[in-house]
Amino acid sequence: MAEDEAWHEVARVGDVSEDDVLQVDAGGKCVALFNVGGVYYATSGICTHAHAFLADGYVQDDTIECPLHQGVFHIPTGRAMCPPVTKDLEVFPVKVEDGRIFVGSNPVPPRPAK
């Protein structure tokens, strides 16, 4: 994580159910906060294909399906997995302290595709 990382409190543990998503504001950015099997992840909250809020989408395992055109993203990496989405989501660092969930302001560098 970058030294100049600003952290934004966005929720409390329990605000987002396991295997679900919650739309939050992190320093003015629309962010989708996920709880995947008890691990928290944060991505851009808006689909890269068309303006749709991912919090209205469908979470299955470690993916989110956009509610508008059914494009699928891998939650931990933000990777676009099938058409019509072709551009990956930004992924943000998450930390949990004293029952509070924080999202970092700087996107995590993309991981190389395997």
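Worth a mention:
- Test: residue in region 48-63 that is in contact (Cβ under 8 Å) with a residue 12 or more places away in the chain, surrounded by 16 or more Cβ atoms within 10 Å (Cβ to Cβ) and touching a Lys or Arg at 6+ places or on another chain (Cβ under 6 Å): yes
- Qualifying residue in region 77-90 (condition: in a loop (DSSP other than H, G, I, E, B), touching a strand residue (DSSP E or B) at 6+ places or on another chain (Cβ under 9 Å), of a type in the set (A, V, I, L, M, F, W, C) and without any contact (Cβ under 8 Å) to a residue 24 or more places away in the chain): no
- Subset tally (residues that are at negative phi, without any contact (Cβ under 8 Å) to a residue 40 or more places away in the chain and not hydrophobic (A, V, I, L, M, F, W, C)) for region 1-28: 6
- Wholly within region 1-61, strands (runs of 3 or more DSSP E) carrying at least 2 residues that are farther than 27 Å from P83 by Cβ: 7-12, 20-26, 39-44
- One residue alone among V96, V103, V36, V21 is under 22 Å from W7 (Cα atoms) and in contact with a His (Cβ under 7 Å, 6 or more places away or on another chain), and that residue is V103.
- Subset of region 31-47 [surrounded by fewer than 18 Cβ atoms within 10 Å (Cβ to Cβ) and farther than 14 Å from F102 by Cα]: G37, G38
Here, each number is a calculation from the coordinates, and none is a lab measurement. Keep in mind the model is a prediction, meaning the values are calculated, not measured. As a convention, Cβ positions derive from the backbone with ideal geometry for all residues, glycine included, and neighbour counts pool all protein chains shown.
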